[in-house]
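Asker: Sharing a structure, written as structure tokens. Questions coming.
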Amino acid sequence: MTPATTSLQGTPPFLNAAGLLLWGWQCNFLSYAVLMAGVIEIPRVLRWRIPVSDQEFNLVADLSAVLLLAVSLYIFSVNTYYGIYSILAALPFTFFLLLLAQRYSVRGKIRMSSLVISMRRAARDGVLEENPAVDLTYPYLLVCILAASAGNQQQTIFYVLLVLIFAWSLWWLKPRPGGVPLWLALFLLAAAAGYGGQVGVQRLQAAVEETIMGWFDLFTWRHRDPMRTVTAIGALGKLKLSDRIMVRVDTHGEKIAGRMLLRETTYTDYGYGVWTNFRHTLSLVDPTPDGTSWVVHKGAGGRQRVTISYKLDDDQGIIPLPLGLTAITNTEASSINASAFNAIVLELHPGWTRYDAMYTDAAIHDVEPLPEDTSLPPIYRESMQRLARELQLEHMPPARALATIENFFAENFSYSLTQSERFPRGRYLDKFLFENRRGHCEYFATATVLLLRAAGIPARYAVGYAIDEYSALERQYLGRGSHAHSWALAYLDGSWRVVDTTPPVWAAADDGTASLLRPAVDLWSWLTYTLDTWDLKDDEQGTRLPLWLALPVMVYLLWRLWTGKHRLPGALTQSAPAARYGYVPHPGFQALLARLEQKYFQRGKAEPLGAWMAKVESRAGIRGLPAILALYYRRRFDPRGLEEPEEARLTQLCHVKLGEIK
Amino acid sequence: MVGKLLYRNFILVHRLSHWLRLRFTAAGALIGYCLIAAAVFGIDTRQTLAYQIFTLCAGLLAVALLALPFLRSRITLQRALPDYATVGQECEYRLTITNPGRTTQRNLLLFDELETVYPRHQDFRRMHDSGDRYRNIVDRIIGYPRLVAAIHKLRGASIQPVAVATLPAAGSLQQTVSLRPLRRGYLYFHHTLVTATEPLGLCRRIARQPLTGALLVLPRRYRLPPLFPPGRRKYQRGGMHLASSVGDSQEFFSLRDYRPGDPLRAIHWRSYARKGEPVVKEYQDEYFSRHGLILDTFLEQRPELLLEEAVSVAASWAAGPRHQDALLDLIFIADRSYHYTGGRGLAGTENLLEILACVQPCASVPFSALTREALRHAATSSALICVLLDWDEPRRDLVRKLRSLQVPVQVIIIAKDRELSRPADDPMRDQPQHFWVLEAGAIQQAIDHLAPRTQ
């Protein structure tokens, strides 16, 4: 049912012009808006009209659609999907022709068939039951208002103007001529409710984000997207940081001086709170012939070593690594890929994984500066260049400029996880740099990168973890969710270097947010981590079971054995050797294995004994190992085990072989 | 399984959309669309100020909804329907609106609602909608617009709402309501919704008044030329009254001796008494024109439009001018065989049209049932008009058998297009002027094109 009596009439005089001016003011298209408003309102006083046929309306509608598509494609190609708000801001341009055609036509309305292609075909064949003529002035007004919301002016004034335009619109559409006080009272009530609702919506968003992030934190692991990261710049309220242990770093007894930065990836382009890197492409890193290490940067030295444990939530993921990485060793990874920005992607089964990172403090081996590393986003270009001029960075040598920037942040800024004041999109950093001068690491790192670029120094935005918390229980360093950090990389004197302007108090500030349950949660985390990684060496198939799932079963079995109510059948317990119910290592064979590994080369983590011994035989020229292995396998896996003479023979063979290999 | 789930969701969406359209004015709908768009673009309050539009729209709608319970509209209604309507032709009826209360009612909008019938899922799956060819591929595959069209058609008509600006206390007024029927058969009026708009002009309060009624919609009719000369009379055993299966002819002819099998009521009792032997009355045999109209209702997998057009052509002929003494036999099969005779004081044109308005497709018996029924009546017919949905072998066989009885036959085929494959043994090949192929959807043009050749 589409009753004619319920269709919309046109807008009152100058309402469309008001909508256009609001949009022009908000989106910095004021001169265009004034022109468009004038053109739209002229027919109010001018009686001259053009007879526009349905076919011509169809053409105008098609042209508007093509225009919208072209504008969307262009903005999408430049800004990808972050450009959706730019597309929104451009909508009044794209639909203007359609409104123009309506306003200057004799009919003054457009048939629905011009707007809907399926109706157009049916109308052409004369089978359309209803083809009402519609007035597009109110829909266009709404388009203008929505487009205006994508602008960056002050929120309070916008709401006041919004209320005025809505009041004007609804007054015009009011059903009865009288009842002004009642209408006014109801409208003001609605406007007040809407104003109060804003605060509620903002709080709701903060609460929803916090809850959802909490769920993510609880049920999934954090996954880094190398192409894009959304910062919390501009978020209201207190930034919620997680206590969850994300990474463990074993320095093999070395003490970390200050903080150790583990980088996940690097970004180059910034816009509206989002860092991106569209040059992130991966290439395969070849392992060394023995398959035990992957050299990322050949000839770069790198004698320092840390063992990092990290949990992958998928069968591949970006891993945190020290800056100046040269090689990755002792990992079960099936393949390793690296980008030019030193984002390393490990392919492995999901779960905790452990790897050794070889690195050097001498250099960061990232790709040379690219054009993006010196470009400023248009929205911040003016303010950053102004600040650079104020700090006189333009005329300083790069090293001095860098020192000035570091001093600027150190002396004038403070660390804060709380953002209480709301300000428009695209002005977050201006507010941070020029007004409140408080923020967390993302504010500092982003502002530093942009300021470095304004000073002519190529810079990038790096994300990862800052490690400084030592766990006496685990005897290694821990990186929590709250230790996630971002910093700048600056290119000076032919090499990249870290510029971390975030005040050092941040770690203490983050610790202040720690939960009281943290010790208990940490203990549980360590238990699960230990159970999950304890069999890393023995797994030949490379598919570790989540053994912690078996923990309750083991506890139950122990309890059953302890109570002694369900002993195994007597026949079995009497006749079978003790080895049947638990593997008892053969000391001679274990000593032989250790000797072979020490003398020749180590067995791979997932390498079968037979294959490894065959390699040892062929390379070292040792004979008789298969016979020993056969006896050993029978001892381990044969349900009847070895008879006493065979056990003695295995011991003897092992001793003989140990004697040969000295 | 998925199809059924989708279908149920479609029904829910349709109900919801109907509910929303009744409860929100055009301005309210505009605010609603704005609310949705602002919710989409304002989901991140850090990126745009659209959340402010969202909250303002939400505030307006909330206040408008809260104002609804304070509206009161007590009125009574009476509907006066015409006897008939015709498919595709606008029809008007009267609605008498009375305000029994002591306050003036303002800004009322009345929605006279026809009964909404949702097609069953299996019927919906089989449905073809001619509008599908105008829809895009997604709409065709998903099928929701097809369901909406089907519901619209089953409902039978679209009725414009009636706006009442002011209805004084204890006053009443009459409003003319127009409707345009979309299908033949009965339209069932279910209830009338009386809506009042709140002061902001965004939402309506609805009062539902049960007000039932039925309106018979006759088939669409076309201008047909006279197909046969009316003068060819045939012997009608038992005269006109027997022709309609009721009574004998009233024209007394003579008396004769009783023969076994004569009805007892034909006995002339006074002569029997005089003679001592049974004597029966003989009546005058009658000769007059009698035309048979054989309507093919065996739709099977063919588009529904074919049957509608066939019924329209049959109705056009039934309602068209005939010679005064001509009878018309309407023969068709639905759940059983139907045979109605009109003309010469029997069923009138309106009765035949009423019957045709309610013809349903036949799916329970084979086409041979129609052949048998047609042959049974062929002997007494001056001529036969066969309105067929196809020209396949069973239908050719029907025509072949009718022509073998030396009865003039006019064949009208309702087809999707005018090009029809005709085999070598086509029984109408020798009479092309009595073989029409009419394209469904363009019947009148085809008739106008063919008629000059046949006259």
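Asker: Looking at chain B, identify the longest residue range that excludes and avoids all GluC sites (Glu not before Pro) in DSSP loops having at most 12 other Cβ atoms within 10 Å.
Answerer: B:91-250
Asker: Continuing with this model, one more query. Relative contact order for chain B using alpha-carbon pairs under 8 Å, separation at least 6, rounded to a whole percent? List each step's numbers first, then the result.
Answerer: Numbers: 829 pairs, mean separation 56.7, N = 455.
The normalised contact order for chain B reaches 12 percent.
Asker: In units of 2.2 N^0.38 Å, what is the alpha-carbon radius of gyration of the protein assembly as shown?
Answerer: Details: Rg = 45.2 Å, N = 1117, 2.2 N^0.38 = 31.7 Å.
Working it through for the protein assembly as shown, the quotient is 1.43.
Asker: Set Lys and Arg Cβ to +1 and Asp and Glu Cβ to -1, take the dipole of the protein assembly as shown about its Cα centre, and tell me which of B:Gly213, B:Leu16, A:Ala611 lies farthest positive.
Answerer: B:Gly213
Asker: If R₀ is 30 angstrom, what is the calculated FRET efficiency for the pair A:Tyr600 and A:Asp361, using the beta carbon separation as r and rounding to 0.05?
Answerer: Between A:Tyr600 and A:Asp361 the formula returns 0.30.
Asker: Which parts of segment B:70-110 would a label at B:Ala214 reach, counting a residue when its backbone N lies under 18 Å from a point 7 Å out along Cα-to-Cβ?
Answerer: B:79-87
Asker: Treating the angle as unsigned and between 0 and 90°, give the value, to the nearest 10°, between the Cα long axis of helix B:443-454 and the longest Cα principal axis of chain B.
Answerer: Orientation of helix B:443-454: about 30 degrees from the principal axis.
Asker: Something else now. So, in nm, how far is label B:Ala80 from label A:Trp172 when the simple model puts each one 7 Å beyond its Cα toward the Cβ?
Answerer: Placing both labels 7 Å along Cα→Cβ, they lie 4.2 nm apart.
Asker: Taking the Cα centre of the protein assembly as shown as origin, sum charge times position over the Cβ atoms of Lys and Arg (+1) and Asp and Glu (-1), and report the length of that vector in debye to the nearest 20.
Answerer: Taking the Cα centre of the protein assembly as shown as origin, the dipole is about 2920 debye.
Asker: A further question on this structure: What are the chymotrypsin sites (Phe, Trp or Tyr not before Pro) within segment A:15-75 that DSSP puts in a loop, where the Cβ has at most 11 other Cβ atoms within 10 Å?
Answerer: On the way: sites: A:Trp23, A:Trp25, A:Phe29, A:Tyr32, A:Trp48, A:Phe57, A:Tyr74; in loops: A:Phe29, A:Trp48.
Qualifying residues, ordered by number: A:Trp48.
Asker: Taking loop as defined by DSSP and a crowding limit of 13 other beta carbons within 10 Å, which trypsin sites (Lys or Arg not before Pro) in segment A:1-60 fit?
Answerer: A:Arg47, A:Arg49
Asker: Taking Cα atoms, how many degrees apart are the long axis of helix B:393-404 and the longest axis of chain B, rounded to 10 and kept between 0 and 90?
Answerer: Helix B:393-404 sits at roughly 30 degrees to that axis.
Asker: So if the hydrodynamic radius of segment B:100-145 is defined as the Kirkwood radius over C-alpha pairs, what does Stokes-Einstein give as its diffusion coefficient at 10 °C and 1.306 mPa s, in µm² per second?
Answerer: Diffusion coefficient, whole number: 108 µm²/s.
Asker: Here's a follow-up. Tell me the angle of helix B:368-378 to the major Cα principal axis of chain B, expressed in degrees between 0 and 90 and rounded to the nearest ten.
Answerer: Orientation of helix B:368-378: about 50 degrees from the principal axis.
Asker: In segment B:84-149, which trypsin sites (Lys or Arg not before Pro) fall in coil by DSSP and have 15 or fewer other Cβ atoms within 10 Å?
Answerer: Hits after loop and neighbour filter: B:Arg102, B:Arg120.
Bear in mind that the values in this text are calculations on the coordinates, not laboratory data. Owing to the predicted nature of the structure, the values given are computational and were not obtained by experimental measurement. Neighbour counts run over all protein chains shown; Cβ positions are idealised from the backbone, glycine included.
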